[in-house]
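Quick notes on the structure that follows.
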Amino acid sequence: MLVFLGPPGAGKGTQARVISKELGIPHISTGDILREAVRKETSLGLAAKAKMDRGDLVPDDVISGIVEERIGEPDCREGAILDGFPRTIAQAQFLDQVLQRSGRNNVLLLNLQLDPKVVIKRLAGRRTCSKCGEIYNIYFNPPRQEGICDKDGGPLVQRKDDNEETIRQRLLAYEQETVPLIEYYRRKNALHDINGNGEPEAITERLLGILKNA
Ligand code: AP5
């Protein structure tokens, strides 16, 4: 199981999509699962919406059961990439228990590190294809035609939580709830730090280098 950690905008989703194709294992983004639930107005979506709009984390018990169910599906038998989970120490302990119960305690933790100043520009410039989920950036990785996905012509949209006020709150939630998790993993000597600055392809190479040696 691969776990991508890092602040909002560090490039977790961008890299997880590439590595998922490279390794042939599913990419599980808890943010994407929650956004889909909000779009469909399911009970999960209704429970999560206000927290997500504010930039706060949704409660551990809401998200943990969903992850347990998803990684228990047959396509995750050979592994999966978790992007955005765990985000708190309680979620990490829950994940440990679930993986131990299924005899899969081989976890690689990849921590993408990025300067907060860069984070804000990356998030403000992010646009996502509403059809296929491809991620763009109007400053760093623009589509060939403004507002249109290069891959399938789908319209590009801006995430509701990518506004300045919510970004600030997401960074605060990261500092308060996820930084202690990173320190918890660091104390266990289980963390691989990756410099998240540079071209996306260079970062993919850094990640693949770690995976080859692991
Ligand atoms: P989530 O969707 O997980 O958001 P996040 O953690 O804030 O992370 P992002 O998706 O913003 O960033 P990313 O690192 O994936 O960056 P990306 O690759 O897109 O969560 C959203 C919300 O859901 C949370 O606030 C919370 O409410 C809830 N939630 C989710 N999981 C939860 C959990 N476990 N517990 C509780 N609540 C949970 O890149 C960003 C931009 O930068 C893009 O435009 C991209 O093109 C660009 N970019 C990427 N790499 C580069 C590069 N190397 N150079 C230049 N630009 C780059």
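The values are calculated or read from the model by the stated rules, or taken from the named source; none is laboratory data. Owing to the predicted nature of the structure, the values given are computational and were not obtained by experimental measurement. A quick note on method: Cβ atoms are made from the backbone with ideal geometry, for glycine too, and the neighbour counts reach across all protein chains shown. To get the accessible areas, we keep the full protein, side chains included, count just its heavy atoms, and leave off ligands, DNA and RNA. Shrake-Rupley method; radii C 1.70, N 1.55, O 1.52, S 1.80 Å.
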Notebook entry, point to check: Under a plain spin-label model, where a point goes 7 Å from the Cα along Cα-to-Cβ, how far apart in nm are GLU36 and GLU199?
Noted result: 3.2
Check: So what J values fall out for the stretch 10-23 if you push phi through Karplus, 6.51 cos²θ - 1.76 cosθ + 1.60 with θ = phi - 60°, rounded to Hz, Gly and Pro as x?
Finding: 5, x, 4, x, 4, 6, 4, 5, 6, 5, 4, 5, 4, 9
Notebook entry, point to check: the stretch 113-163: which trypsin sites (Lys or Arg not before Pro) are DSSP loop and have at most 12 other beta-carbon atoms within 10 angstrom?
Noted result: ARG144, LYS151, LYS160
Margin query: Taking the Cα of SER102, stepping 7 Å toward and past its beta carbon, and measuring to each backbone N in the stretch 1-27: which are under 11 Å?
Written below: 1
Margin query: How high is the relative contact order of the chain? Use alpha-carbon pairs under 8 Å, at least six apart in sequence, and give a whole percent.
Written below: 29
Next item on the list: List nothing, just return the count: lysine pairs in the chain, 8 or more apart or interchain, with Cα separation under 15 Å.
Entry: 6
Next item on the list: Compute the length gained on full extension between LYS51 and ILE135: take 0.36 nm times their separation in residues and subtract their Cα-Cα distance, giving the result in nm to one decimal.
Entry: 27.9 nm
Notebook entry, point to check: What is the Å³ per residue value for the convex hull set by the Cα atoms of the chain?
Noted result: 122
Check: In the full protein assembly as shown, how much of SER43 is accessible to a 1.4 Å probe, in Å² to the nearest 10?
Finding: 100
Next item on the list: Give the percent of DSSP beta bridges with both residues in the chain that are antiparallel, rounded to the nearest 5.
Entry: 30
Item checked: Residue-span extension gain [GLN158 to GLN113] - 0.36 nm each, minus C-alpha spacing -> 13.9 nm
Next item on the list: Grab the Cα-Cα distance for GLN93 and ARG187, subtract it from 0.36 nm times how many residues apart they are, and report the gain in nm with one decimal.
Entry: 32.4 nm
Next item on the list: Alpha carbons only, please: Rg and Dmax for the stretch 1-73, in angstrom.
Entry: 13.0, 35
Notebook entry, point to check: Given the convex hull over the Cα atoms of the stretch 112-175, what projected area results after averaging over all orientations, in nm²?
Noted result: 4.7
